[in-house]
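All remarks here apply to the structure that follows.
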Amino acid sequence: MRSGGEHRLAARLCTLSVAAATTLLASCGGGDGSASGDPTSLPASSTLAEVCAAPRASGTTDPLTGRAYGDTQGTVADEKNFLRSWIDETYLWYQDVRALPAATLDPSGYATAKSYFAALRSPLTTVNGARKDKFHFTYDTPAWVALAQSGISYGYGFEIALISSTVPRNATIAFTTPGAPEAGQLSRGTVILTVDGADVVNGTDTATLNAGLFPAAAGPHTFVVRDAGTTASRTLTLDARQVTSVPVQNVRTLPAPNDQVGYLLFNDHIATAEAQLVNAVNTLKAANVTDLVLDIRYNGGGYLDIAAELAYMIAGPVNTAGKVFEKLAYNDRNPFTSRTTAFLSNSPGIRGGLPAGTPLPNLGLSRVYVLTSADTCSASEAIINGLRGAGVTVNVIGGTTCGKPYGFFPKDNCNVTYFAIQFQGVNNLGYGDYADGFTPSCAVADDFTHALGDPGENQLEVALGLRNGGTCITPLAKPSKLQASEARPPPVLVRTPFRENRIYLDH
């Protein structure tokens, strides 16, 4: 899932598909070109920005920054020229792009600015054979703004985990969104058998599967499913609609004898998570918890500031005073001002979040238990790395994380927002080399037969055993619970690329 040359969403779709049969699947191929010309003589990207084939109306304002767009009339060629200069100036691995063949760097071979951008990235691979840059992507700006502000996207209010992405496939519900009308008809562990008549398990009708499983618009779709713990199937019609993410769920203290242990499920680093995390920490603080299990197994990332806030709320001022949550390292052209992110004790004023200066509560913990998977990525990994850099003990239970110490400054141009790797994050100790992910202290399979937050669920049970006994336990009743290795591919979620990144915003 994390191999191959595409960002994680496209990789999910390519794995699921057997032919590029839909618009979504078309993103699986991707050109491998860039721009032409001597890179030492490229014009400054600032002189090429906002010259558009289809300019936005004068006075249109960016909801995320409050800045008025300055689009002027131009051509697709102008948009491509901007991208070539911008990549050369800011991309972390711009020298890899410069080294591409001249034919690959010729913009005339690409019909759109988006397809050209897809080509402007490093072709190199890591030591393990994975593509060096797996995270290059775009959003149409209105879609990016809607998702960044509130987590709104089309769907049903549940997340799909591909337990097996090759025939015979297994698409299982990982979790649902509280309050989403359609989500109430399904639950964690429900297996999807068919969508609109197309066989999920063995079928080849990828157009129908993509349209039903990953809807891009509102509308009804018919599902045949099998609920967890049953053998019979049932048929139901679900309406795809705009769904607002509930990023913080299942906040609770656990039953005795673990009643001083707090648990929270955190799924999205989006603006609305800020207030929800504050409420969660206040709830746990009032319960006088002495330990915390932070479940981020399905959290792919988002705003780095949210990660810095949560890390502070876990560790508190004594553990974080005078320490940096994350420092940013750029390419050798130093295209951006020097930046560090502190452990944030007050809201920085994220648009759509809390007012700037709002004080944050804290638990003051010197250790934390973190539940992870292959879907724990970027800003979520920054929580682990940042806390460890401050001397907090972070016990990782679950699966090896995504491995993404990199991030972006989102760049709008001509109503498209571009995301190209522009920095690497390191913690207070200068560590940030986890491109292969964080290896868990206790390797544990996800458990779709139990609800998240249930003390009997695989990862949580082992975390509690580690807390109480100091070792990674394997209960006799479930001998397969503890995985000594990850020989089989772990389940992966199908998600938007925004939700698997480290996004840095100016305020």
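Sub-7 Å Cβ pairs linking a first residue in region 166-180 that is under 16 Å from residue 264 (Cα atoms) to a second residue that is assigned to a loop (DSSP other than H, G, I, E, B) and among the β-branched types (Val, Ile, Thr), at least 6 apart or interchain, are 177/246; 178/246, ordered by first then second residue.
Can you find a residue that is closer than 25 Å to residue 122 by Cα and either touching a residue at least 60 places away in the same chain (Cβ under 8 Å) or part of a loop (DSSP other than H, G, I, E, B) (or both) anywhere in region 361-369? No: region 361-369 contains no residue that is closer than 25 Å to residue 122 by Cα and either touching a residue at least 60 places away in the same chain (Cβ under 8 Å) or part of a loop (DSSP other than H, G, I, E, B) (or both). Of the residues making up region 339-353, those that are over 11 Å from residue 312 (Cα atoms) and surrounded by fewer than 20 Cβ atoms within 10 Å (Cβ to Cβ) are 339, 340, 349, 351, 352.
For region 316-335, state whether one or more residues are hydroxyl-bearing (Ser, Thr, Tyr), under 19 Å from the mean Cα position of the chain (by Cα) and under 25 Å from residue 419 (Cα atoms). Checking region 316-335: not a single residue is hydroxyl-bearing (Ser, Thr, Tyr), under 19 Å from the mean Cα position of the chain (by Cα) and under 25 Å from residue 419 (Cα atoms).
Rundown of residues vs (1) over 21 Å from the mean Cα position of the chain (by Cα); (2) surrounded by fewer than 21 Cβ atoms within 10 Å (Cβ to Cβ); (3) closer than 30 Å to residue 254 by Cα, yes/no style:
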{"position": "401", "(1), (2), (3)": "no, no, yes"}
{"position": "408", "(1), (2), (3)": "no, no, no"}
{"position": "411", "(1), (2), (3)": "no, yes, no"}
{"position": "417", "(1), (2), (3)": "no, no, no"}
{"position": "420", "(1), (2), (3)": "no, no, no"}
{"position": "440", "(1), (2), (3)": "no, no, yes"}
{"position": "455", "(1), (2), (3)": "yes, yes, yes"}
{"position": "463", "(1), (2), (3)": "yes, no, yes"}
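Applying the criterion of being modelled with pLDDT of 95 or more and part of a loop (DSSP other than H, G, I, E, B) to the residues of region 268-296, the residue that is surrounded by the most Cβ atoms within 10 Å (Cβ to Cβ) is 296.
Among the criteria (1) part of a strand (DSSP E or B); (2) surrounded by fewer than 19 Cβ atoms within 10 Å (Cβ to Cβ), the one residue 388 does not fulfil is (1).
Of the candidates 129, 109, the single residue that is at pLDDT 85 or above and in the same structural domain as residue 62 (by TED's automatic domain parsing) is 109. Does residue 229 satisfy the condition of being surrounded by fewer than 21 Cβ atoms within 10 Å (Cβ to Cβ), of a type outside the set (Asp, Glu) and not assigned by TED's automatic domain parsing to the domain that holds residue 455? Answer is yes for this residue. Residues that are surrounded by fewer than 19 Cβ atoms within 10 Å (Cβ to Cβ) and in contact with a strand residue (DSSP E or B) (Cβ under 6 Å, 6 or more places away or on another chain) within region 325-338 comprise 327, 329, 330, listed in sequence order.
Taken over region 116-136, the criterion of being in a helix (DSSP H, G or I) and touching a helix residue (DSSP H, G or I) at 6+ places or on another chain (Cβ under 9 Å) is satisfied by 116, 117, 119. Answer with yes or no whether residue 322 is modelled with pLDDT of 95 or more, surrounded by 21 or more Cβ atoms within 10 Å (Cβ to Cβ) and either in the same structural domain as residue 431 (by TED's automatic domain parsing) or closer than 25 Å to residue 438 by Cα (or both). No; evaluated as a whole, the condition is false for this residue.
Only residues that are touching a residue at least 12 places away in the same chain (Cβ under 8 Å), in a loop (DSSP other than H, G, I, E, B), surrounded by fewer than 16 Cβ atoms within 10 Å (Cβ to Cβ) and not polar (S, T, N, Q): list them for region 67-110, please. Within region 67-110, 70, 102, 103 qualify.
The values are calculated or read from the model by the stated rules, or taken from the named source; none is laboratory data. Nothing here was measured: the structure is a model prediction, and the numbers come from that model. A quick note on method: Cβ atoms are made from the backbone with ideal geometry, for glycine too, and the neighbour counts reach across all protein chains shown.
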